[in-house]
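Everything on this sheet refers to the single structure shown next.
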Amino acid sequence: MNQLFRLIDVDVNKIVLVKEISAGHKAQRFLADLGIHEGEKIRITKNDVGPIIVEIKGTRVAVGRGLASKISVLMEE
Amino acid sequence: MNDHSIEHKIAFLGNPNVGKSSLFNLLTHSHQHVGNWPGKTIEKKEGHFILSDEFFSLIDLPGTYSLSARSDEEIVTRKFITEEEPNLVCIIADATRLERTLFLAMQTMELTKNVAIFVNMSDLAEKNGLTIHPKDLEKQLGVPVLLVSAVDDTSVLRIKKFLYDAIHTDKYEFNPAMMMYSTKIELMIQSISRQIEDRGSCTEYPTRWLAVKVLEGDESVIETLEAEYDLTNVFDKIKVLAKSEKLDLNVELSKSKYSALHKIVASSVAGFTDFQESRSDKVDKIILNKFWSYPILIAIYAVFFLITFYASTPIINGIDLGISKFSFLVENWLININSPAILTSLIVNGIIAGIAAVLLFIPIIIIFYALIAIMEDSGYLARSAFIMDRVMGKFGLQGTAFLSMVMGFGCNVAGIMATRTIKNEKDRISMIITNSFLPCAARLGVIAFLTGIFFEPWLAALLMLTLYGFSIFLVLASSLLFGLFFKKSDPLPLILEIPEYRRPRLRNIFHLTWTRAGIFIKKAGTFIFLASLFIWLMSSIPFGAPPERTIAGYLGRGISYVTEPLLGLDWKMVIPLIFGIPAKEAIISALGILYSTGGSIIEVIKASWSIPQAISFLLFQLTYAPCFASLAAIRTETKSWKLTAIGFFYPLIVTILSTTVVFQILKLVI
Ligand SMILES: Nc1nc2c(ncn2[C@@H]2O[C@H](COP(=O)(O)OP(=O)(O)O)[C@@H](O)[C@H]2O)c(=O)[nH]1
Ligand SMILES: [Mg+2]
C-alpha cells in the first residue's frame, strides 16, 4: 500500500511523508527553508476549502491549493 | 551620534514572530530610531543601550526565514552582516519551534563566526513541558546559547551582561560547527572554493559560503563573481551533478541543514511532542471553519470599525471644543493688543486651524491602529489574510493584499507601506497605486459629516456602506485591469506561516500603535499643517476680498464651468476639493470657511446642495486623489516617478468618469 497521494487529497489529521514537490523553483526553495521537503513528515491540520494548513516541526504553514496539488505524499501508518 | 568612545555593533536576526522586536524593545526602550535601508523600502530599526559607559548599538534586522537572495530583506541582511561587520550577530530562536528557528542560525554561521543564539520564549516552552539544555546546544553548535524570555525582566540583565562579556572576555567560544554536506556536494564545494581562491577573492564573503551559494544558484552571488571571472565550467559541472542526481541543489542544501539540526535538537531538548492538536488548532476549527470564517471575519471587522468610530467621536468633539475656545481667546487677545488684521487672521485661521486639523485626526488614528495591533498580536490578523485569500484570489491577488487594504482605512500612507509584505510585484504595485481609493480616517470624517446632514441615520449608514463597498470594488477591479498590462509571470503561490494564538500584550500594542500612528502624526501632520497654511493663503489673497474674489474663488469658478454641468459641483463645492488634494482633512475646514456665512454650516449646506449634488460630492471626494503624503509614499515605495504620476491621474480619471455617470443618472431619477 505504498501509494502516492496529492497533498490536497489527504484527510485532516493524517500524518504523511513528503515524497516529491514538483512546483516552481522559488516555491520549492521557500518550502525547503520552512522545512517542507522530500523525506519530511507533516500533519494536515486543515483541508476543506481555501489553502491547506500543515504542521511541520511544531509550526503551522498555509499552502495554496494549487501548490498543494503538486506535493506528492506517502501515507504513514 | 554619541559621545561614548567605545561603540559595539550588535545585530538581531530571526524568523518572524520569534519575539525579536520584543527583546529589542526591552533592551533599548525608547532609544530607537526607525529609518530605511539605503535604496530599499525596508525598515531599518536601530536602538542602543549604555553599559559601563560603553555604547551598544543594536540593529533589528528584518524578520526572515533564510539568507538566500530571494527578497530584499534577505539581501539587506546578509549585506549588513558582511559589510558592516557587527561585533556580534544574535540569532533569536523560538524555544517552542527550535528546529525551524535555528535554521537561520545554521545559515548565518556559514557567513560569520560571531554568532550568538538567544533561545526566546523559554517561559512558553516550560509551560508546554519542554526542557531545553542550552549547554548541549552550545557544544554542538559551537557558539554561545542563552535561554531567555521577553516576558521575564531578568532576561534583559542576562543578555546585557552576556553581550558585555562576549565582547570583553574569553568566557565564550565562537567556533561555529561547520556544516558538512554529502560527499558529492562537499567535493563540489571544494572545487568551487579552489577556483574562487585561485582568482583572488573579490568580495568580503567567506569563500566556503560563496561556494555554497554558487551551488544553490544564488543569483546575486553568481552575478558578483561573474563580473570578475568566468565561471562557465563551474556551472557546467553543477548542472551535470544536479541532473545526474535529479536534485535541486538549493533544496538539497536546506535539507542537509535541517537533518543536522534535527539531530542536534533531539539530543538537547526533552519533551517535544510532534503532531498533536494544539490549542490554536482547536480554536481554528471555528475561526478558520469553511462556513463560519466569513461571518466571524465580518463581525470582527464590523466591531473594529464601530469601536474606532464611536470611541473616537467624544474625544474628537472634546478636542474640537477645546480648540475653538482656545482660538477664540487668542483672537480676542490679538484684537485687544491691536495686532494687524492680517496677522490675526494668519494666526487664528491659518496656524491654529492647521494644528487643529492635525489634532482632530489623532484620536481616530490611534484607536484604529491600537485595535489593529490587538488583532495582530493575538494572531487574528494573519488569519484574516488566510481567510481572505480565497476572495482575493478571484481578483488575482493573495490574502496578504487584504492587510494593506485594512491598514489603508486608517491612513493610506500606512496602507501603502503595508504593501511591503506582498510578494508579487504586480500585486504590490497595483495595491500601492489603488490604496488611496480606500477612504482613510480623514474621508470618514467628511462622509460622516455630510451623510449626517442630508439623510436619515439608517439611509446615511447605508450610503456609507455603499461608498466603502464601492471603494473596495475599485481597488479589486483595478487589480484585474492592471493584470492586463503586466507580463504574465509565474506568481509565487501562497506560503504563509500561521502563528499560534497569543494573549495580546500591552507593551506590544503600545509599541505597534505608536510606530504606525507616529507615521501619521509626523509625516501627514506636516502635510496637513502646511496645507492648512496654503489654504489660508489662497483664500485670503487679496486680503479682505469676499471668498469668490480670492485666488481660490477664481480658480473654483474657472473649474466649475466644466464640473457643474458634468458632475453638479459648483464653485463653492470645487474649492474644498482642490484644497483637499494635498490633505483630505482640509475638505471639512474649507467647507467650514466657505459655508459659514450667516448661520450654521449644516443649515447652509443643506439649503444650497441638491441631493444629487451631495451624493456627487461624496462620491468624488471618496476616490479622486491621493493626498501629498500618500503620493510621497507611492514614490518611496515604487521608486518611480511614472508610477507616482499614474498614482495621481488614474484615480482622478476613474473618479471623474464614475461620478459623472452617477450624477447624470441621479439627475434624471430624482
Ligand atoms: N510568552 C512569551 N511571549 C513572547 C515572548 N517574546 C515575544 N512574545 C510574544 O510573541 C509575539 C511576537 O513577538 P514580536 O516581538 O513581535 O516578534 P518578532 O516578529 O520576532 O519581532 C508577541 O505577541 C509577543 O508578545 C516570550 O519570551 N514569551
Ligand atoms: Mg518584529
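Read the figures in this text as sums done on the coordinates, not as results from a lab. Keep in mind the model is a prediction, meaning the values are calculated, not measured. Glycine gets a Cβ as well: all are built from the backbone with ideal geometry, and neighbour counts include every protein chain shown.
Counting other Cβ atoms within 10 Å, which trypsin sites (Lys or Arg not before Pro) in segment B:261-359 have at most 15 and lie in a DSSP loop?
Answer in residue order: B:Lys290.
If you keep only loop residues by DSSP, which GluC sites (Glu not before Pro) in segment B:69-130 have at most 14 other Cβ atoms within 10 Å of their Cβ?
Within segment B:69-130, the qualifying GluC sites (Glu not before Pro) (loop, at most 14 other Cβ atoms within 10 Å) are B:Glu84.
In this model, which of B:Lys255/B:Lys394; B:Lys127/B:Lys257; B:Lys237/B:Lys642; B:Lys44/B:Lys584; B:Lys79/B:Lys127; A:Lys46/B:Lys139 are farther than 32 Å apart at the alpha-carbon?
Violating the 32 Å Cα-Cα cut-off are B:Lys255/B:Lys394; B:Lys237/B:Lys642; B:Lys79/B:Lys127; A:Lys46/B:Lys139.
I'd like to compare B:570-582, B:343-355, B:635-647: which one has the highest average count of other Cβ atoms within 10 Å, and what's the full order after that?
Going by the mean number of other Cβ atoms within 10 Å, highest first, we get B:570-582, B:343-355, B:635-647.
Rounded, prolate or oblate: pick one for segment B:183-270, where a ≥ b ≥ c are the square roots of the eigenvalues of its C-alpha gyration tensor, a/c under 1.5 means rounded, and failing that, prolate if a/b is larger than b/c, else oblate.
Because a/c hits 1.5 or more and a/b exceeds b/c, segment B:183-270 counts as prolate.
Find, among the chymotrypsin sites (Phe, Trp or Tyr not before Pro) in segment B:508-564, those assigned to loop by DSSP (not H, G, I, E, B) with at most 14 other beta-carbon atoms within 10 angstrom.
B:Phe543
With the Cα gyration tensor of segment A:4-75 giving a ≥ b ≥ c as the square roots of its eigenvalues, does the rule (a/c under 1.5 for rounded; else a/b larger than b/c for prolate; else oblate) give rounded, prolate or oblate?
Note, shape of segment A:4-75 comes out rounded.
Could you tell me the calculated FRET efficiency between B:Lys171 and B:His31, based on Cβ-Cβ distance and R0 = 25 angstrom, to the nearest 0.05?
0.40
Roughly how big is segment B:245-300's charge dipole about its Cα centre, with Cβ charges of +1 (Lys, Arg) and -1 (Asp, Glu), in debye to the nearest 20?
120
Restricting to Cα pairs below 8 Å that are 6+ residues apart, what does the relative contact order work out to for segment B:7-168? Please round to a whole percent.
23
³J(HN,Hα) across segment B:184-199 via Karplus (A = 6.51, B = -1.76, C = 1.60, θ = phi - 60°), whole Hz, x for Gly/Pro?
Per-residue couplings from phi come out as 4, 5, 4, 4, 4, 4, 4, 5, 5, 4, 4, 4, 5, 5, 3, 8 Hz.
Using only the alpha carbons of the protein assembly as shown, determine the length spanned along each of the three principal axes and report them from longest to shortest in whole angstroms.
88, 64, 55
Relative to the longest principal axis of chain B, what angle (0 to 90°, nearest 10) does the C-alpha long axis of helix B:399-408 take?
It is inclined by approximately 40 degrees.
Can you classify segment B:474-562 as rounded, prolate or oblate using the Cα gyration tensor, where a ≥ b ≥ c are the square roots of its eigenvalues, rounded means a/c under 1.5, and otherwise it's prolate if a/b beats b/c and oblate if not?
oblate
Work out the FRET efficiency for B:Asn87 and B:Asp198 from their Cβ-Cβ distance, taking R0 = 35 Å, and round it to the nearest 0.05.
Once the sixth-power term is evaluated, E becomes 0.65.
Could you pull out which residues in segment B:286-306 have an amide N less than 14 Å from a spot 7 Å beyond the Cα of B:Val391, following the Cα-Cβ vector?
B:291-305
I need B:Thr563, B:Thr515 ordered by Cβ neighbour count within 10 Å, fewest first.
Going from least to most buried by this count: B:Thr515, B:Thr563.
Using alpha carbons only, how many degrees (0 to 90, rounded to 10) separate the axis of helix B:72-83 from the longest principal axis of chain B?
Roughly 50 degrees between the two axes.
Magnitude of the Cβ-charge dipole of chain B, K/R +1 and D/E -1, about the Cα centre, nearest 20 debye?
The dipole of chain B has a size of about 1460 debye.
So if we plug the beta-carbon distance of B:Leu329 and B:Lys642 into 1/(1 + (r/R0)^6) with R0 = 45 Å, what FRET efficiency do we get, rounded to 0.05?
Taking R0 as 45 Å, the efficiency between B:Leu329 and B:Lys642 is 0.35.
Just from its helices, what would the mean residue ellipticity at 222 nm be for chain B, if runs of 4 or more DSSP H residues each count -39500 (n - 2.57) and the sum is divided by every residue, rounded to the nearest 500 deg cm²/dmol?
-20500 deg cm²/dmol
Using +1 on the beta carbon of Lys and Arg, -1 on that of Asp and Glu, and nothing else charged, what's the dipole of chain A about the Cα centre, debye to 20?
That gives a dipole near 260 debye.
In whole Å, how far is the Cα centre of segment B:1-71 from that of segment B:252-304?
If you average the Cα positions of each part, the centres end up 28 Å apart.
In percent, how large is the relative contact order of chain B, given Cα pairs closer than 8 Å and 6 or more residues apart?
9
What is the average number of partner chain Cβ atoms found within 10 Å of a Cβ in B:383-392?
2
Please report, in Å, the Rg and the Dmax of chain B, where both are computed over Cα atoms only.
Rg, Dmax (Cα atoms, Å): 29.1, 93.
Points 7 angstrom from Cα along the Cβ direction at B:Arg503 and B:Ser52: gap in nanometres?
Here the modelled spin labels are 3.8 nm apart.
On a 0 to 90 degree scale, rounded to 10, what angle separates helix B:457-483 from the longest Cα axis of chain B?
The angle comes out at about 50 degrees.
Have a look at B:Ala633, B:Thr313, B:Gly354 and report the one farthest towards the positive end of the charge dipole of chain B, computed about the Cα centre with Cβ charges (Lys/Arg +1, Asp/Glu -1).
So the residue we want is B:Thr313.
For peptide B:272-284, how many partner chain Cβ atoms fall within 10 Å of a residue's Cβ, on average?
Taking all residues of B:272-284 together, the mean is 4.
Which lysines have a Cα lying under 16 Å from the Cα of B:Lys243, excluding residues fewer than 8 positions away in the same chain?
Counting by Cα, and skipping residues close in sequence, B:Lys243 has these lysines nearby: B:Lys184.
Provide a whole-number value for the mean count of partner chain Cβ atoms within 10 Å of the Cβ atoms in peptide B:250-260.
5
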